[in-house]
Amino acid sequence: MPFSMKSTMSVLAIFCATALATVSANAETIKHNLLPGKPFEGTKLSILSVVTPQFDGLMLRDDEFTELTGIETEWTFIPFVSLQEKLVAEGLAASGTYDVVNYLDSWGPANSHWLVRIDELMARDGISMDRYPAAFARSAQFEGETLGFPLRAHPQLLFYRKDLISNPPTTWAEVIEVGKALKESNPDVAPLALYFNNDGNRQNLFIWLNFIWAAGGDIFNEDWSAAWTSEEALKATEDYIALHTVHEVTNPNSLSFVEQDARQSFMQGNSAMIPVWWWAYSGFYNPEASTLTKDQVGFVGMPSYIGTTKTYAISMPFSISSYSRNQDAAWEFLKWLSNPEMDRANAIEREVMGQKIVNNVVTHISSLNDPDVNEANDGIQAAA
């Protein structure tokens, strides 16, 4: 007996409902917005990454990614000082040797012509850059388009010796006061480790920017002419340099210090304060590298200048190479690599696959506010 139109529509409705339920059920079993069915099973991705315990922790967890997708990964770790050269060579070769690349945010614009835009992919898979603080999100974007995810990002903090400084400074004027008092009470320890030396990687600009921006100055005008020559910016520059030349509260070697030298000075007990990225915290009390104990190391937000606090943040995004022959599989990898659960776990768990991992770097707002993440890292995320 033939179906009536009403019966046919009922059957179609049941069929569609069943199909949607099946798709929904499949979607619920796939973590981290990954596509169901392992469509890229057997693909092998090549990942270029900077050397850091944070990314060691991610790499050691990637068996989960392979289990979920059937995609294998091969990581190549490069020291930071060599990473830019490696990235530029990869862009010039256009060979697709690496499917996914890691880089410092300020290198993004110059390499943006060969990095895949991911805005449409994020919209398709329900991912928003709103999960990151605005500064971190912007650092992975260029001309309004998203180049990747800010997997490693750093705010600045002021680290200090808790056994020498009972009330940490909240302004640069207080840094000077505390520094002068320390010179009297502890003459063998320099009050402040700064890094004025230009070693080519621009790290010596980042503390100066705190002064420039707080004074209402900037680096460039809208027409890209110099903005740091304004009256406000020049006064801020003079005050920044005066920490060394006038007030003499910096380590005497600060003119030759790069960031690493300043960190070493703090770790060896030769300086009592240092403004630097938050990732340095674990190294400051690592017995293999530092003379300090955890009880001696404190941290607060960056000091204000003339009543205003303006600080600098950087990130190291991961992006997909447009020369990759595995771009769809690489997108699955980026979704897994950047998921909030991973961000949280990588800052809490201290051992992965039998290897010790100490990492306090997180980039998701949810992780920054997570009480367990803060408890595992002495509240450094809240301070940041």
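The values are calculated or read from the model by the stated rules, or taken from the named source; none is laboratory data. Remember, it's a predicted structure, so these values are computed and weren't measured experimentally. Reconstructed Cβ throughout: ideal geometry from the backbone, glycine too, with neighbour counts over all protein chains shown.
Looking at VAL81, VAL116, VAL88, VAL101, which is the one that is modelled with pLDDT under 95, more than 30 Å from ILE306 (Cβ to Cβ) and assigned by TED's automatic domain parsing to the domain that holds PRO340?
Exactly one of VAL81, VAL116, VAL88, VAL101 is modelled with pLDDT under 95, more than 30 Å from ILE306 (Cβ to Cβ) and assigned by TED's automatic domain parsing to the domain that holds PRO340, namely VAL81.
Of GLU341, GLU349, GLU375, which residue is over 21 Å from LYS31 (Cα atoms) and outside the structural domain of GLY283 (by TED's automatic domain parsing)?
Exactly one of GLU341, GLU349, GLU375 is over 21 Å from LYS31 (Cα atoms) and outside the structural domain of GLY283 (by TED's automatic domain parsing), namely GLU375.
Could you list, in sequence order, all residues of the range 176-195 that are surrounded by fewer than 24 Cβ atoms within 10 Å (Cβ to Cβ) and of a type in the set (A, V, I, L, M)? Steps first, please.
So in the range 176-195, the residues surrounded by fewer than 24 Cβ atoms within 10 Å (Cβ to Cβ) come out as 176-189.
Selection gives ILE176, VAL178, ALA181, LEU182, VAL189.
Report, by residue number, each residue of the range 91-135 that is among the acidic types (Asp, Glu), buried (at least 17 other Cβ atoms within 10 Å of the Cβ) and more than 20 Å from the chain's Cα centre (by Cα).
ASP99
Looking only at residues that are in a helix (DSSP H, G or I) and touching a strand residue (DSSP E or B) at 6+ places or on another chain (Cβ under 6 Å) in the range 246-286, which one is nearest to ASN359 (Cα to Cα)?
TRP279
Based on what the data block shows, is THR229 out of contact with any helix residue (DSSP H, G or I) (no Cβ under 6 Å at 6 or more places or on another chain), without any contact (Cβ under 8 Å) to a residue 12 or more places away in the chain and either outside the structural domain of ILE176 (by TED's automatic domain parsing) or not aromatic (Phe, Trp, Tyr) (or both)?
yes
Considering only the range 111-137, state which residues are of a type in the set (Gly, Ala, Ser) and touching a residue at least 12 places away in the same chain (Cβ under 8 Å).
SER112, GLY126, ALA135, ALA137
Cβ-Cβ under 8 Å, sequence separation 6+ or interchain: first residue in the range 34-61 and part of a loop (DSSP other than H, G, I, E, B), partner surrounded by 20 or more Cβ atoms within 10 Å (Cβ to Cβ) and small (Gly, Ala, Ser). Which pairs?
Note: pairs meeting the criteria are PHE40/ALA329; THR43/ALA329.
Specify which of the listed residues (ASN167, ASN198, ASN204) is surrounded by fewer than 17 Cβ atoms within 10 Å (Cβ to Cβ) and closer than 30 Å to LEU83 by Cβ.
Result of the check over ASN167, ASN198, ASN204: ASN198.
If you go through the range 272-283, how many residues are closer than 12 Å to GLN260 by Cα and either surrounded by fewer than 22 Cβ atoms within 10 Å (Cβ to Cβ) or among the acidic types (Asp, Glu) (or both)?
3
Please enumerate the residues belonging to the range 298-316 that are in a strand (DSSP E or B), surrounded by fewer than 21 Cβ atoms within 10 Å (Cβ to Cβ) and of a type in the set (A, V, I, L, M).
Listed by number, the residues that qualify are VAL300, ILE314.
Filter the range 363-375 down to residues that are touching a residue at least 24 places away in the same chain (Cβ under 8 Å), over 17 Å from LEU157 (Cβ atoms) and part of a helix (DSSP H, G or I), then give me how many there are.
Matching residues across the range 363-375 total 3.
Restricting the search to the range 60-83, which residues are surrounded by fewer than 21 Cβ atoms within 10 Å (Cβ to Cβ) and either among the small types (Gly, Ala, Ser) or in contact with a helix residue (DSSP H, G or I) (Cβ under 6 Å, 6 or more places away or on another chain) (or both)?
Of everything in the range 60-83, those that are surrounded by fewer than 21 Cβ atoms within 10 Å (Cβ to Cβ) and either among the small types (Gly, Ala, Ser) or in contact with a helix residue (DSSP H, G or I) (Cβ under 6 Å, 6 or more places away or on another chain) (or both) turn out to be GLY70, GLU72, TRP75, ILE78, SER82.
Just to be sure before I move on: is ALA272 of a type in the set (Gly, Ala, Ser) and modelled with pLDDT under 95 in the structure I sent?
Numbers: of a type in the set (Gly, Ala, Ser): yes; modelled with pLDDT under 95: no.
Taking the combined requirement at face value, the residue does not satisfy it.
Within the bounds of the range 272-286, is there any residue that is more than 30 Å from THR66 (Cβ to Cβ), more than 22 Å from the chain's Cα centre (by Cα), not small (Gly, Ala, Ser) and not assigned by TED's automatic domain parsing to the domain that holds GLU72?
yes
Looking only at the range 255-271, filter to residues that are in contact (Cβ under 8 Å) with a residue 60 or more places away in the chain and surrounded by 21 or more Cβ atoms within 10 Å (Cβ to Cβ); which one of those is farthest from ASN360 (Cα to Cα)?
Per the stated criteria, the residue is PHE257.
Only residues that are over 23 Å from ILE165 (Cα atoms) and of a type in the set (Ser, Thr, Tyr): list them for the range 309-337, please.
Once the filter is applied, which keeps residues that are over 23 Å from ILE165 (Cα atoms) and of a type in the set (Ser, Thr, Tyr), the range 309-337 yields TYR312, SER315, SER319, SER321, SER322, TYR323, SER324.
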